[in-house]
């Protein structure tokens, strides 16, 4: 088996590459990324690649002729340059899928996101894979994930003889994760008291790698939600790490967030507030039933592990939620 992994130097990609390289049937794994992997492994090669360069993507797949293509090259932390972010996430996905079509790649996996469903008052709880991806127009990450997800659905419809796997994880946390969501909990002075009773899910990075590996090995096509068992509330997360809550009208938070984003003093635009105020909880039952996957860590355990790794909780067994941490209403 021959693999090409775009974004293979990332914290999920690198661990998945390590697993693929250990398989006896694996002949070659090509990490296609803008930066080289931190470790060298037998059977693993590196090709510098910017997915915005359609010609380079096509040349790579034509040369490698992989049996499986894993597309993990996306931007997580929002960029102030929306055009650049769109070109990487949406344009890059278009280039990769077009190249896979022309190269005859038989199996493709793409990491989408549960944010592709959008956060809306009428979302079912939980969301299953047959619910439409709607995104939100004023949060670029979710908006771009929605469009890339639809590109993958279209590719699958146009290539019914091939395997397209779309994976939609909730918030991925763990000791190796360091992004704007982690910094929300480790750097912010307070948490906005907007909907502290609203639920949130986390999935451990190890469980993500295990799920992707099982989906690949089983050649399971279709869309699959990915989440740890159970949920927390935003209020429980804040109280668990001793983060103060501050109550203010949603409109005021939006205006303040817009100003901070404009001044480059915030990591996210105010559109991310949709995902605090409205539900976007997903069901992972389809993944479990299809592959036998079961998360090793619950949502709560995953959050605690990440917070310990970043010094927000003391080392030791799972921290108990303080008695005062009952969720507060909207």
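The values are calculated or read from the model by the stated rules, or taken from the named source; none is laboratory data. These numbers come from a predicted model, not from an experiment. Cβ atoms come from the backbone with ideal geometry, glycine included; neighbour counts cover every protein chain shown.
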- Message: Take the residues in region 1-11 that are touching a helix residue (DSSP H, G or I) at 6+ places or on another chain (Cβ under 6 Å) and not in a strand (DSSP E or B); name whichever of them is surrounded by the most Cβ atoms within 10 Å (Cβ to Cβ).
- Response: 8
- Query: Is at least one residue of region 117-132 buried (at least 19 other Cβ atoms within 10 Å of the Cβ), modelled with pLDDT of 95 or more and under 22 Å from residue 163 (Cβ atoms)?
  - Reply: no
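Within 25 Å of residue 296 (Cβ to Cβ) and at pLDDT 95 or above: is that true of residue 205 in this structure? Step through it out loud before you land on a result.
Numbers: within 25 Å of residue 296 (Cβ to Cβ): yes; at pLDDT 95 or above: yes.
Yes; evaluated as a whole, the condition is true for this residue.
Going by the conditions given, is residue 293 in contact with a strand residue (DSSP E or B) (Cβ under 8 Å, 6 or more places away or on another chain) and assigned to a loop (DSSP other than H, G, I, E, B)?
Numbers: in contact with a strand residue (DSSP E or B) (Cβ under 8 Å, 6 or more places away or on another chain): no; assigned to a loop (DSSP other than H, G, I, E, B): yes.
No, not satisfied.
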- Task: From the list 28, 35, pick out the single residue that is under 20 Å from residue 106 (Cα atoms) and in contact (Cβ under 8 Å) with a residue 12 or more places away in the chain.
- Result: 28
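Tell me whether region 182-199 contains one or more residues that are buried (at least 23 other Cβ atoms within 10 Å of the Cβ), at pLDDT below 95 and either touching a strand residue (DSSP E or B) at 6+ places or on another chain (Cβ under 7 Å) or closer than 28 Å to residue 81 by Cβ (or both). Outline the logic, then answer.
As a first pass, look at region 182-199 and keep what is buried (at least 23 other Cβ atoms within 10 Å of the Cβ): 196.
Within this subset, residues satisfying the condition of being at pLDDT below 95 are 196.
Then keep just the ones that are either touching a strand residue (DSSP E or B) at 6+ places or on another chain (Cβ under 7 Å) or closer than 28 Å to residue 81 by Cβ (or both); that gives 196.
Checked against the condition, which is being buried (at least 23 other Cβ atoms within 10 Å of the Cβ), at pLDDT below 95 and either touching a strand residue (DSSP E or B) at 6+ places or on another chain (Cβ under 7 Å) or closer than 28 Å to residue 81 by Cβ (or both), region 182-199 yields at least one hit.
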- Check region 152-162 and report whether any residue there is at positive phi and touching a residue at least 60 places away in the same chain (Cβ under 8 Å). no
